[in-house]
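One structure is given here, and the rest of the page talks about it.
What follows draws every value from the coordinates through simple rules; no lab data is involved. Predicted model, so just to flag it, every value in this text is computed and none were measured. Positions of Cβ are backbone-derived with ideal geometry, glycine not excepted, and every protein chain shown enters the neighbour counts.
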Amino acid sequence: MPDNTLRARDEAFWQTFADRYEVEPGPINLENGYFGRMSRTVVEEYQRNIELINRSNSVYVRQRFEQGDSLKIRAQLARLIGVSADSIALTRNATEGLQSLIRNYNLLQPGDQVLISDLEYDTVKGAMRWLARHRGVEVIEIEHTHPASYDSLLSTYRDAFIRYPRLKLMALTHVTHRTGLVMPVQAIAAAAREHGIDVILDGAHALGQIEFDLTELGIAFAGFNLHKWIGAPLTLGFIYIAPERLADIDPDMGEVHYPVTDIRARTSYSTPNIPALLTLPLVLEEHWAMGGAGAKGARLNYLRNRWVGAVRQLPGIEVMTPDDPRLYCGITSMRFSRHTDQQLMVERLLKEYNLFTVTRSGAACGPCIRITPGLITTADDIDALSKALTELR
Ligand SMILES: Cc1ncc(COP(=O)(O)O)c(C=O)c1O
């Protein structure tokens, strides 16, 4: 396999890769953080699977899918994050899995504290706040300093752990959807462990663009989806629970279809999108064949660095996400510091430059414009962005 950094800048290679995707004519899409495209071959496989399941109905599903295919798929997903298949349960998205982990974490007592930061995803924040009403815990909400550094992120958490001694549980977002900041998960989880605090990791944006090993990160509970950087059909996700911690998460709402020793009891039992699940083996084959998260992440970082390098020093532009290679990935946010309305600037980027981006608010560092290249974004697309930012500032 060629060196990822060298290949990241090989436009001819990425053009061949892009040729495997159908793209609707329209603006240059720099909002690939919502979900990723499926390749043409994946779309065809998905269509075949829809037809197969529609033709064969419950006969295939009861005889083949439940007993065979779904177990193989779990094993393949486990490989993605370097864990065993019995520590994986399928969900329909990241939110469903993360909320199930939060709702069913059974070590909280009234009066305990739980922690979230301004950079968590709203559905995770909502679930943590729900714990206050239903478990009698206090929700501690912290804000990260801006600009963030490796040390500032870690010390914000260390300070909180000392200041709030009744903390038992925290949410941590590996890659925040607001600015693309990558959290130093391993160091934060180690500090949390010293204070007896459990971490539930939101890996929605990390999976497929960052290489990581959950055991090395010291994470026992995590939720993911498969439609961002893995390239799977929509409606698929999964949770991870370290086998030795399974008893600390209750079966979901009295779930009884699986024994209490089976992680699958931790998610709601329902009819999944079976054709989408059956498509996963091909999705993962393509993911590994092109070099996995290492290759995808290197390309996305290259594209990110190309525009950030061109505009970071320009007056009137503030790039929110630091350049410490430990703290960024393909997603990065910026704002026009001489303009108050970032939404208006997003509209101008679209109208005047044909560039599709999105605003994000909710981070303590203020509203920003999120720029997310995708795997079929070209260096020319990025240069068009740099030119637009330079002119519009
Ligand atoms: C950081 C983060 N967490 C969680 C989610 C929710 O993912 P899903 O839509 O699969 O529930 C998202 C979606 O964008 C996200 O960016």
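Some values worked out for this structure:
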read-out	value
Cα-based Rg / Dmax (Å) for the stretch 1-109	19.3, 57
Semi-axes of the equivalent ellipsoid for the stretch 164-319, Cα gyration tensor, largest first, Å	31, 24, 13
Residues with amide H under 5 Å from that of T173, placed H, sequence gap 5 or more	D202
Axial C-alpha extent at least 18 Å, average Kyte-Doolittle at least 0.0 - helices from the chain (DSSP)	274-289, 379-392
Value of D in µm² per second that Stokes-Einstein yields for the stretch 48-286, Kirkwood Rh from Cα pairs, at 37 °C (0.692 mPa s)	178
5 angstrom amide H check on I142, placed H, neighbours 5+ away	I116, S117, D118
Lysine pair number, Cα distance threshold 27 Å (strictly under), the chain, separation 8 or more or different chains	8
Cα Rg over Rh - the stretch 130-233, Kirkwood	0.97
Distance (nanometres) between label positions extended 7 Å along Cα→Cβ at F13 and V59	4.7
Net length gained if the chain between E352 and Y34 were fully extended (0.36 nm per residue, minus Cα distance)	112.2 nm
Compactness index (Cα Rg / 2.2 N^0.38 Å), the stretch 58-146	1.46
Cα convex hull volume per residue for the stretch 326-393 (Å³)	101
